[in-house]
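Undergrad: Let me begin by handing over the structure; questions about it come next.
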Amino acid sequence: MGVLSVSAFLTDAVTLIHGPDGCTHINTSLLYTTLAEHDVFRIPEIVSTGLGEDEVIFGGENALEEALTDVCAGDPAAVVVASSCVSETIGDDVAGICSQPWDCPVVYVPSSGFLGGTFTDGYTSTLTALSSFIKPCASGERNPGKVNIIGEKNLEFEVEDNFQEVSRILAMLDLEVNIRYVRDITVDDIGKFGDAGLNIFREDTDGRLGQYFDACTGIPSLPEFPVGLSATLSFIRDAGRLTGRDPTEAVCAEEERQAALTEEFSDLAGAYVTFDSFGFQSAGMEMFTEVAEAVGIGVAPEGTVIPIPFCMPVGTLGLRRMLRQWRRFING
Amino acid sequence: MAKPCTNPLWPCAMVGAAAAMAGLRGTGVIIHGASGCYFYADSIIPDPVNCTCLIEDEVIFGTGDRLQEVAQALMPFSERIVVINSCVPATIGEDLAPYCGGSDALIIDAPGYCGDMMDGYRIALSHLPAETDPSRPGVNIDGLISTDPFAAGNLMEAERLLGRAGIPVAARYCNDTLASALKPAETTVTALPDLASGIGSSAGSLCGLDAIAATFSGLQAAFPDADCGAVMDICEETEEMVTKACDRYLRVNDPPRVAFFGIAGYMDMAGDLLSAYLDADICCAGARNQPPEDSVCTWAPDLGTVKQMIEDAGPDLVIGSRYEATLAPGVPFVQTTLPIRKHSMLCHRPLVGTEGVLWLVESVINAGKHDC
C-alpha cells in the first residue's frame, strides 16, 4: 500500500502488482475508499498478474512477463512493478525481469507485503525509485524561486489543505511550487524536478529521503512541513536563507497572523487541558504546550482531555483548525 | 493459468472463508497471515475475526508459535477455533494442527490465490462437519454471507416467508450459532443461489418471484401441514404491485437500457424482473463471480472489463457498485453490490423474497428522480 500511495498518483503510469488478484483488490478497494472520502472519484489503474495455484507451484515469472507485455502494449508513460508476499515467498526474480528491455520504462519497487517492511518503507522506496525519471536541469541553472514538494501523504485527509498552506507561506517569499513529487503529476513532470532551487519534504523524520535526494540532485532541502508557531517562523527563515531571500517581512507578517490567531481563541484563556496520545502517537508534546501557552490555556492532568491528532497541523491554518477542535472539547 | 487483470473487483477466497466461519457464533476465527490481509477482511466482515499478524521472522522460522499464542488467547471465548490459512503460510505448507492450543481446531486452507470470495465461502462450508438431524424440524436457510450488504435483510425476509407458511427455521448459513449449524435439518432453502451450501436437500431459492413460487410449492409437498398458500398470495400481491408500478412508469418513460454488475444470482433475478415488467433492454450484465452457464451475465471480475462493457453499451441505468457509479457519472444508479462507499446503508434491505423484488423495482423506478 505504501508503494501505491505514491505510484497511483502518477497519472499516466500503471502500477502492476505481481501477486494474486485478491491482493490487488485489497489495495484498489482501500485506495478507492480513501480517495472517495476526499471526494475524489478516480480509480487509479492497478493491474494484477493474477497469480494462481499453478504459479505458486511452478513459478510466476512467466505471468509477470506476460502481464508486462500486456501493460506495455497500452503505451503507458511508465510501469511501476510492485512485488507481493506471495511472489517473494516463491522466489520469483522480479528485479531481473523488470530490468529486461521493455517497450516502456519499467520501475521495480521491492514491496513484498509483510516480508518487506512497513507502509513507510514502500512509500520511501517508491519515491526514490521514481527519481530515475529526474533529468538534469534544462537551463543548466536552477531557479531559486521554484520549490519541489516531496512525499505528500496522498492518503491523509488534509493533503490539499496542507499543500495550500505551504504554498501560501512560500508565496510570502515569492517562491512558487515547481512540482508535487508525487501527487497528480505525469512522468514527464518528474523530468522538471531538477529545475527547482529548494526541496521541501512533507515529513522526513529519519532523514532517509533528504539524504537520498540531496545526494542525487544537490538541491538544498527542508525536512518537513512546518508544525507549530515557532516552527512556522523558522520554516520561513530557513526557506528564505536557502533560496537567497530576505525573510524579515514574511516573518513579521506571519507573526501578526499568529497574534491574530491567539486573539481569536482568547476566550479559551484560563482553561486547562491535558493531551492524550492514546498510547500510540509518537508526537512530541512541545508544540501543543507552546500553542496552549500562547493562547493562555494551562496544561494540567485534570484538564480537558485533548486527543493528539494523527497528522500534525501544518502551518498557521492547521493550528486554527486544531484550536477550533480544542474549543469544541473544552466547551463541549 | 494466471491472467493479468486491471483492478480486480472481488475479494479473495480468504475473505469468503473468514466471513462464513465468523458468521457462526461460538467460533474463534483466526486469519493466519499478514496484518494487511486481516485489516481488509475486518473492514468488510461485520463479525469478529482475529489474526496472527505474521511478520518476516515467522515466515522464516515457522508460524506455529504465533498461531499457538493467538489460539490460546481465544480459547476461553470460543467453542471451536477456526484457522483460515492465507497465501504465504499455505505456500510454506506447515502442519498447523499441533499449534491450535491443543484444541480440535478447524483448519481451512483458503489462500487468496485459490479463488474468489464465493469459492472461499464454499470451501469453508465444505470443511464444516455438519450432519443433518432428521429429528430437527423446519428448513435451513443458506446463501447468506455477511459481506453481502443484503445478507441480514435476506435472512429476515426468508424467515418472514417461512414464518407465513408456518415452517420453522432450522440452521442459518452463515448467521447462526455453531451448535445449530452443526446439526441442520434435512431440507434447505437458498437465499442467494451462488452461495448454495450443499448442506441438506435443496428446496430451491428465494431469488425472484418464480423461484419463490417454485420453492414454496415444493415445500408444501415436503411439509403437508404448512400453509404455503399464504406465501403464494404474497407473491401474487407483489406481482400486482410491480405490474401496476411498472405500467405507470412506462406510460411516461421508455424502457430503461440497463447495465448490471454484481453477484450473478442477483443479476439474473434483476434481469428477469426488469425484462418482464419494464421491458428493459439488458445492454450488458457482468458478474463479479463466475456465472452459471444459463446466466445472462458474463464474467467481469475486474474494472478494465467493466469499463469496456459500460463504454460499449451506453446504458441509461446502472445497477452495481460505487465503481460502476464512478465509471458512469450522471447515469441513474442503483446500488446492489460492494463497495458501498460514500453512502450509508443502515437498514436491513433484502434483495431476495418478495420484499427484495419490491425494493429493486422501487429503486429502479425512482433512480434518477430528483424532483420532490
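Every read-out reported here was derived from the displayed coordinates using simple, explicitly stated rules and does not represent laboratory data. The structure presented is a predicted model; accordingly, all values stated were derived computationally and were not measured. Here Cβ is always computed from backbone atoms with ideal geometry, including for glycine, and neighbour counts include all displayed protein chains.
Undergrad: Could you work out, for segment A:184-332, what percent of all Cα-Cα pairs fall into each 5 Å distance bin, beginning at 0 Å and stopping at the bin that holds the largest distance?
TA: In order of increasing distance, the bins hold 2, 8, 15, 18, 16, 14, 11, 8, 5, 3, 1, 0 percent.
Undergrad: Please compute the length gained on full extension between residue A:135 and residue A:275, using 0.36 nm multiplied by the number of residues separating them and subtracting their Cα-Cα distance. All intermediate terms of the calculation are to be shown ahead of the outcome.
TA: On the way: separation 140, 0.36 × 140 = 50.40 nm, distance 4.61 nm.
Length gained, residue A:135 through residue A:275: 45.8 nm.
Undergrad: So if I average 1/r over every pair of distinct C-alpha atoms in segment A:28-78 and take the inverse, what Kirkwood radius in Å does that give?
TA: Result for segment A:28-78 stands at 13.1 Å.
Undergrad: Here is a further query. Which helices pass in chain B if a helix is a full DSSP H run, must span at least 27 angstrom along its long axis by Cα, and must have mean Kyte-Doolittle hydropathy not below -0.5? Walk me through the numbers before you get to the answer.
TA: On the way: long enough: B:229-252 (36 Å, -0.15).
The answer, listed by residue number, is B:229-252.
Undergrad: Quick one: putting +1 on the C-beta of Lys and Arg, -1 on the C-beta of Asp and Glu, what dipole do you get for the protein assembly as shown around its Cα centre, in Debye to the nearest 20?
TA: Values: 41 positive and 97 negative charges, 247 e Å.
Here the size comes out at about 1180 debye.
Undergrad: Further, regarding this structure: Name the residue farthest towards the positive end of the dipole of the protein assembly as shown from the options B:218, A:251, B:365, assuming +1 on Cβ of Lys and Arg, -1 on Cβ of Asp and Glu, about the Cα centre.
TA: Comparing the listed Cα positions along the dipole, A:251 ranks first.
Undergrad: Assuming R0 = 35 Å, can you tell me the calculated FRET efficiency for the pair residue B:241 and residue B:77, based on Cβ-Cβ distance, to the nearest 0.05? Please list the in-between numbers first.
TA: Values: r = 46 Å, r/R0 = 1.33.
After rounding to 0.05, the efficiency reads 0.15.
Undergrad: Show that you can apply the helix-only estimate: for chain B, add -39,500 (n - 2.57) for every DSSP H stretch of four or more residues, divide by all residues, and state [θ] at 222 nm to the nearest 500.
TA: Values: 14 runs with 157 residues, N = 372.
That calculation yields -13000 deg cm²/dmol at 222 nm.
Undergrad: Projected onto the charge dipole of segment A:143-260 (+1 at Lys/Arg Cβ, -1 at Asp/Glu Cβ, origin at the Cα centre), which of A:211, A:230, A:240 gives the Cα projection farthest towards the positive end?
TA: So the residue we want is A:211.
Undergrad: Report, ordered by chain and residue number, the lysines lying within cross-link reach of residue B:307, taken as a straight Cα distance under 24 Å and ignoring same-chain residues fewer than 8 apart.
TA: Qualifying lysines at Cα under 24 Å: B:3, B:342.
Undergrad: Now for a separate question. What do you get for Rg/Rh over segment B:64-159 if you use C-alpha atoms and the Kirkwood form of Rh? Numbers along the way, then the final one.
TA: On the way: Rg = 16.1 Å, Rh = 15.7 Å.
Taking Rh as the inverse mean 1/r over Cα pairs, Rg/Rh reads 1.03.
Undergrad: Can you spot the aspartates and glutamates whose alpha carbon is less than 13 Å from residue A:153's alpha carbon? Ignore those fewer than 8 places along the same chain.
TA: Within the straight-line cut-off, residue A:153 pairs with A:161, A:184, A:203, A:204, A:224.
Undergrad: Just to be sure I understand the model, the point goes 7 Å from the Cα along the line to the Cβ. What's the resulting residue A:69 to residue A:255 distance in nm?
TA: Reported label-point gap for residue A:69 and residue A:255 is 6.8 nm.
Undergrad: Further question: If you line up the long axis of helix A:248-264 against the longest principal axis of chain A, both from Cα atoms, how many degrees apart are they, to the nearest 10?
TA: 70 degrees
Undergrad: Which value, in debye to the nearest 20, describes the size of the charge dipole of chain A about its Cα centre when Lys and Arg Cβ atoms bear +1, Asp and Glu Cβ atoms bear -1, and nothing else is charged? Don't jump to the answer; show the numbers that get you there.
TA: Working: 20 positive and 50 negative charges, 195 e Å.
Result for chain A is approximately 940 debye, rounded to the nearest 20.
Undergrad: Evaluate the Kirkwood expression for the hydrodynamic radius of chain A, namely the inverse of the mean inverse distance over all pairs of different C-alpha atoms, and round to one decimal in Å.
TA: Details: mean 1/r = 0.0459 Å⁻¹.
Result for chain A, one decimal place: 21.8 Å.
Undergrad: Can you give the relative contact order of chain B as a percent, counting alpha carbon pairs under 8 Å and 6+ residues apart?
TA: Working: 780 pairs, mean separation 58.4, N = 372.
Contact order relative to length: 16 percent.
Undergrad: Sticking with this structure for a sec: Over its Cα atoms, what ratio of radius of gyration to 2.2 N^0.38 Å does segment B:245-366 give? Intermediate values should be presented prior to the final figure.
TA: Values: Rg = 13.5 Å, N = 122, 2.2 N^0.38 = 13.7 Å.
Expressed relative to 2.2 N^0.38 Å, the Cα Rg reads 0.99.
Undergrad: Can you tell which of B:277, B:70, B:114 lies farthest toward the positive end of the dipole of chain B, using +1 and -1 charges on the Cβ of basic and acidic side chains (Lys, Arg; Asp, Glu)?
TA: Positive-most Cα among the choices belongs to B:70.
Undergrad: Counting Lys and Arg as +1 and Asp and Glu as -1, each charge on the Cβ, what is the dipole of chain B about the Cα centre in debye, to the nearest 20?
TA: In debye, rounded to 20, chain B gives about 640.
Undergrad: What is the log10 of I(q)/I(0) for the protein assembly as shown, computed with the Debye formula using one identical point scatterer on each Cα and no solvent, at q = 0.08, 0.10 Å⁻¹?
TA: -0.75, -1.08
Undergrad: Semi-axes, largest first, in whole Å: what does sqrt of 5 times each Cα gyration tensor eigenvalue give for chain B? Don't skip to the answer; put the middle values down first.
TA: Details: eigenvalues 273, 148, 45 Å².
In descending order, the three semi-axes are 37, 27, 15 Å.
Undergrad: How many percent of the alpha carbon pairs in segment A:262-331 exceed a separation of 18 Å? Provide the component values of the computation, followed by the final result.
TA: Values: 712 of 2415 pairs.
More than 18 Å apart: 29 percent of the Cα pairs in segment A:262-331.
Undergrad: What 222 nm value per residue comes from the helices of chain A, counting each DSSP H run with n ≥ 4 as -39,500 (n - 2.57) and dividing by all residues, nearest 500 deg cm²/dmol? Mind dumping the intermediate values first?
TA: Working: 14 runs with 148 residues, N = 332.
Helix contribution divided over all residues of chain A: -13500 deg cm²/dmol.
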